[in-house]
Amino acid sequence: MAARHTAPPSLRIPDRASAQHSWRSPLFEAAEIGARIDRREFETSLLDLRVALVNAQYDLRKVNFPVLIVLVGDDRMGLSAVVNRLNEWMDARYVHTRVFGAQTEEEQHHPRFWRYWRALPGRGELTIFTGPWVLATIKDRMADAIDEEEFQRRLSHMMRFEQALLDDGALVLKFWLHLPKERLEKRLKKARKNGESSSPHAIDTLIHEHYDEFMDLSERLIRKTDIGEAPWQIIEGSDNRHRDLTLARSILAGLSARLDRARAEVPPPPPPSPDIEPPNQLATLDLRPKLSRKEYKEQRDALQDRLRTLSARARDQEVATVLAFEGKDAAGKGGVIRRLSAAMDVEDYRIVPIGVPTDEELRHQYLWRFWRHLPRRGRMVVFDRSWYGRVLVERVEDLVDEATVRRAYAEINDFEEQLVEEGVLLLKFWLHIDDDEQARRFAARERTPYKKYKITEEDYRNRARWPEYERAVNEMLARTSTDLAPWQLVPANDKGYARVRVLREVCDALARITGEPSERD
C-alpha cells in the first residue's frame, strides 16, 4: 500500500521564513476580541436559550435531516468546556459526541475519512465532532509529513465531503474557537500552575510555540473550505461566558432556520438540462470471445493458483483491495465472484451483496453504507453490485431526482479517488451479455430448481426497460471511468471466458501493486 501521510509521533516543526513574521489576520480579527458578558446577563439569557435548544432538539427528531456540529480551533482547552456546556444545556441523551484524536490501530488500516463516515449522524440525530479532519491536516503540514500539493488535495476532499452531506440535506455547522496568542499563553501558564484536569496536551504547546505558522495554515484552510451552506463561524474565547453563549445561540439559529425550511417543504431545484448523448460503449463491445471447456479449466486453475499466492502477498504487504461488480442481469457476476473466492483464504476476503438499502442506511448519506464496509489493509472486499446503483437502478426507476444523479457522479469519483490515493487497489468490472443470451439464461434459471430464486418478475421488467438502462450505463462509463479508476468491460456471453478474464485482471493488478511481474510482462 502507498505510504500514508501521517505525522510522526514526535512533531518537529521545520523552520520556515513564512513563520517568522508577526502573524495578523483580518479574518480572525473580525471576531469580537475581548468581548465580555457579565454573570447577570449570562444567566438571564440562558433561561430562554436552554428551553429553545431542547425544543429544537425534539423537533429535530421528527424531521428527515441530520445535524453535524464541527468544533475545532486553536482554543483547544476551550473545546472540552464547550462540549460540556452543550450537554448541560441540551438533552444529553440526544447529543452524540465524537472526539477525534490520534488514529487508532484499526483506523490506521483504513482510508483517512473512514472513521468520519462511520460516525456520521443519521436523519433526526445531532452529533458533535471535535478535532476532526481539520487539525490533523494542519499538524501534518506543519511537520512536513505532507507537502503543499497533498495539503491542497486534502482541503479539496474536505470540501467535497461536506458538500456531499449538504446535498443530502444535512445541516453542517462549523465553529472555530480562537484565542489571541497572549491569551493562549496565559491559559497555558495557569493550567500548568494549577495542575488542572484539563492541563494542556502536546498539541496545545505546539500551537503556542508555533502560533504564527499554525494560524497562517488555519486561515488558508478556513478560506478554502468556507463553503456556502457550511461557512466557518469564528468565536473568540477570551471570555468563557461570551464564547459559550455565542456558540449556543449560533447553533440554535442554524437549527431553527433549517427546521423552518423542513416545515415549509421547500421544493428541490429543477434538474439540469439534459446532456449530450454519451457514446454507446456497450454496443461496440465484442461479445464473441470464447474458451473451450479444456482451455477454461486449464486457465482457471492456473490463475486461481496465482491468485492464492498474490492475495497472500497482498495480505503480507498490507494492500487493501476493493472489487466492484456490476453488469446486465444474468451476466454471471455470482459465478465470477465464486471463482475468485475459491482461490483465497476465507480470512482474506469478504463479499458484500448490495440490495435494497435498510432503514438504517436510508437514514444516512448514500455513500455511508459503502464506506463502512471498506476493508482494512491486507484484506479484500468484493461488492456484488455497488455504489453505482444510484446512477443506474435508482435513476432508471425514478427513485431519485435528476439533480441527485448529477451530483452522484462527482461524489462517486471523489470517493474512488480517495481510495486510490490511500493505496487501495480498486477494480471495477461491468459484465455484459446480449439480449439473446440473457433470454437463454433466464429460461435456464426457471428450469433449474436451485437457481429459481435468482429469477424474479423484476428481472423481466428490467429486461423490458433495457434501452433506458443502456443509456444510464453508457453515461456512467463516460463519467466515472477515470485514470485512477477505469471501468473494465468484460464480454460475458461465454461464462468461462468472463471468469478467466476477471481472474487474470485481478491477478495482474495484484502483481503490479505488490511488485511481482504480471503474466503479460
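Here, each number is a calculation from the coordinates, and none is a lab measurement. Please read all numbers here as calculations on a predicted model, not as lab measurements. Positions of Cβ are generated from backbone atoms using ideal geometry, with glycine treated the same way; all protein chains shown enter the neighbour counts.
For Val393 and Gln488, the difference between the fully extended length at 0.36 nm per residue and the C-alpha to C-alpha distance is 32.2 nm. For region 38-263, averaging the sequence separation of C-alpha pairs within contact (under 8 Å, six or more residues apart) and dividing by the residue count gives a relative contact order of 31 percent. Taking 0.36 nm per residue of separation and subtracting the current Cα-Cα distance, fully stretching the chain between Glu148 and Arg338 would add 64.0 nm. Report note on the peptides 78-87, 484-493: ranked by the mean count of other C-beta atoms within 10 Å, highest first, their order is 484-493, 78-87.
A dipole drawn for region 38-263 from +1 and -1 charges on Cβ atoms has a positive end, and of Leu179, Ser45, Gly101 the residue lying farthest that way is Ser45. Across the chain, the mean sequence separation of Cα contacts (distance under 8 Å, 6 or more residues apart), normalised by length, yields a relative contact order of 20 percent.
From the list [x] 18; [y] 29; [z] 23, can you say which value of percent of Cα pairs over 46 Å apart was derived from the structure given? Working out percent of Cα pairs over 46 Å apart from the coordinates points to [z]. Only lysine pairs 8 or more places apart or on separate chains count here, and in region 293-514 those with Cα atoms under 24 Å apart total 20.
Take every Cα pair under 8 Å whose residues are at least 6 apart in sequence, average their separation, divide by the length of region 293-514, and the relative contact order is 33 percent. An oblate overall shape is assigned to region 282-359, the ratio a/c of its alpha-carbon gyration tensor axes (a ≥ b ≥ c) being 1.5 or greater and a/b not exceeding b/c. Placing +1 on the Cβ of each Lys and Arg and -1 on the Cβ of each Asp and Glu in region 293-514, which of Val506, Ile354, Tyr388 has its Cα farthest towards the positive end of the resulting dipole? Going by the Cα projections, it comes out as Val506. Between region 425-488 and region 111-181, the C-alpha centres lie 37 angstrom from each other. Each of the peptides 203-211, 339-347 was scored by the mean count of other Cβ atoms within 10 Å over its residues; in descending order, highest first, they stand as 203-211, 339-347. Considering helices alone, the calculated mean residue ellipticity of the chain at 222 nm is -15500 deg cm²/dmol, with DSSP H runs of length four and up weighted by -39500 (n - 2.57) and normalised per residue. About its Cα centre, the dipole of the chain is roughly 1380 debye, where the only charges are +1 on Lys and Arg Cβ and -1 on Asp and Glu Cβ. Within region 38-263, antiparallel bridges make up roughly 5 percent of the DSSP beta bridges whose residues both belong there.
Between Leu247, His157, Ala92, the Cα set farthest toward the positive side of the dipole of region 38-263 (charges on each charged residue's Cβ, about the Cα centre) is that of Ala92.
In debye, nearest 20, what is the charge dipole magnitude of region 399-521 about its Cα centre with +1 on Lys and Arg Cβ and -1 on Asp and Glu Cβ, if you could check?
Roughly 820 debye for region 399-521.
Think of each Lys and Arg Cβ as +1 and each Asp and Glu Cβ as -1; about the Cα centre, that makes the dipole of region 293-514 roughly 1000 debye. Relative to the dominant Cα principal axis of the chain, helix 402-421 is inclined by about 90°.
Ordering of 106-114, 225-233 by packing is 106-114, 225-233, highest average first (other Cβ atoms within 10 Å, averaged per residue).
Rounded, prolate or oblate: which fits region 293-514, taking a ≥ b ≥ c as square roots of the Cα gyration tensor eigenvalues, rounded meaning a/c under 1.5, else prolate when a/b beats b/c? Oblate.
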